[in-house]
1. Could you list, in sequence order, the residues of the range 12-45 that are part of a loop (DSSP other than H, G, I, E, B), in contact with a Lys or Arg (Cβ under 9 Å, 6 or more places away or on another chain) and not basic (Lys, Arg)?
2. What pairs come up if the first residue lies in the range 239-256 and is in a helix (DSSP H, G or I), the second is surrounded by fewer than 16 Cβ atoms within 10 Å (Cβ to Cβ), and their beta carbons are under 8 Å apart, counting only those six or more places apart or on different chains?
3. From the list Lys272, Lys307, which residue is surrounded by 16 or more Cβ atoms within 10 Å (Cβ to Cβ), of a type in the set (Lys, Arg), outside the structural domain of Pro47 (by TED's automatic domain parsing) and at pLDDT 95 or above?
4. For the range 46-60, which positions are aliphatic (A, V, I, L, M), assigned to a loop (DSSP other than H, G, I, E, B) and within 23 Å of Gly291 (Cα to Cα)?
5. Could you please find all residues in the range 275-315 being touching a strand residue (DSSP E or B) at 6+ places or on another chain (Cβ under 7 Å) and closer than 20 Å to Asn251 by Cβ?
6. Would you mind finding the one in Leu77, Leu32 that is over 30 Å from Asp172 (Cβ atoms), without any contact (Cβ under 8 Å) to a residue 40 or more places away in the chain and among the hydrophobic types (A, V, I, L, M, F, W, C)?
7. For the range 207-227, give me each residue that is of a type outside the set (Gly, Ala, Ser), surrounded by fewer than 21 Cβ atoms within 10 Å (Cβ to Cβ) and touching an Asp or Glu at 6+ places or on another chain (Cβ under 8 Å).
8. Among the residues of the range 252-268, write down those that are over 15 Å from the mean Cα position of the chain (by Cα) and either hydroxyl-bearing (Ser, Thr, Tyr) or under 11 Å from Leu223 (Cβ atoms) (or both).
Amino acid sequence: MIPLSQAQWQTETWQEQLSGAFRRVEDLLTELALPTAEAPYELDFSPGFALRVPQAFVSLMQKGDWYDPLLLQVLPLAQENIASPGYSNDPLEESHANPVPGIIHKYHGRVLLVASPACAVNCRYCFRRHFPYGDNQLSRSQWQQALDYVRERADISEVILSGGDPLVSSDDRIEELVLTISEIPTVERLRIHTRFPVVLPDRISDKLVASLTSTRLQTVFVLHCNHPNEVGAALSERLQLLRQAGVTLLNQSVLLHGINDDAKTLCKLSEKLFNAGVLPYYLHVLDRVQGAAHFALSDTGAQALHKQMMEALPGYLVPKLVREDPRVAHKCPL
């Protein structure tokens, strides 16, 4: 018998939870007891970049709080429709690093594979919110073309599964993909970039863990977590499955105005991540994607926050402060 205190979504599979994600601004705000007529900012009820947020993530938000830091990452605002000078639809110029469908190759020794065009959540600051996923959604034969690209380049030792979010794919599809990659003799490491478990922890299933760790490849799991309130008990518990299987756990965050732009919040995030077995890795300044200018901080402000973190934390808890420059073949320390 299901306890009365247990919400329906907590008894559903991760696929069912994903299918039931909020897709209407009105429904999300009703769930959070936020009357639309009282909004302190202008909302966008028909966003071009759709709303999508699972109930598990909404459950971490504070009801009645228009400025909840998790809500502000996913709520469409009218500000997104204001064109901002210096911002573009392709801030990292990935269209120039897309040699074959499904592949983004910018850095020496590693290649990114667009494993899925979809995400479990649509973050409003996403630098790929305008990415041509339709041109990179691969058929089985095109997957072979993408993997042939890797096979033909002996200098590629690491394959990064990204997207969208690679964990939108089924466990069977991920298992097949990982096995195929492991058969490329020059590839030594598999890296997964994902926000999925942060917004829907049940995605870390036993089968997923087995799929990621059943080959000779070293597996690195990079979470995308921006605020300490995102590191709940359910996420911490699920991450232990990966740790126990020998997976390296890292985190990268984006520095966001009004969400995590104070040193106390960032330090707490590092502490909570480390307690969950995750090492802070990168703190990114915002990629200048059109529609996200209201999240930006100045470089001076970002550097000041990072300095405060260095003064407050041991070095291993301080992520590197970086930006991506499409003209440079590595992350750029700020």
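The values are calculated or read from the model by the stated rules, or taken from the named source; none is laboratory data. Only a predicted model underlies this, so the values are computations on that prediction, with no experimental measurement involved. Positions of Cβ are backbone-derived with ideal geometry, glycine not excepted, and every protein chain shown enters the neighbour counts.
1. Hits for the range 12-45 are Ala21, Leu32, Ala33, Leu34, Phe45.
2. Leu239/Gly277; Gln240/Gly277; Leu241/Asp206; Arg243/Gly277
3. On the way: Lys307 fails: surrounded by 16 or more Cβ atoms within 10 Å (Cβ to Cβ).
None of the other options fit; the residue is Lys272.
4. From the range 46-60, those aliphatic (A, V, I, L, M) are 50-51, 53, 56, 58, 60; that's our starting set.
Of the ones still in play, those that are also assigned to a loop (DSSP other than H, G, I, E, B) are 50-51, 60.
Ala50, Leu51, listed by residue number.
5. Hits for the range 275-315 are Gly277, Val278, Leu279, Pro280, Tyr281, Tyr282, Leu283, His284, Val285, Leu286, Ala302, His306.
6. Numbers: Leu77 fails: without any contact (Cβ under 8 Å) to a residue 40 or more places away in the chain.
One residue alone meets the criteria, Leu32.
7. Within the range 207-227, Lys207, Leu217, Gln218 qualify.
8. Within the range 252-268, the first condition is being over 15 Å from the mean Cα position of the chain (by Cα), and the residues that meet it are 257-268.
Across the range 252-268, the qualifying residue is only Thr265.
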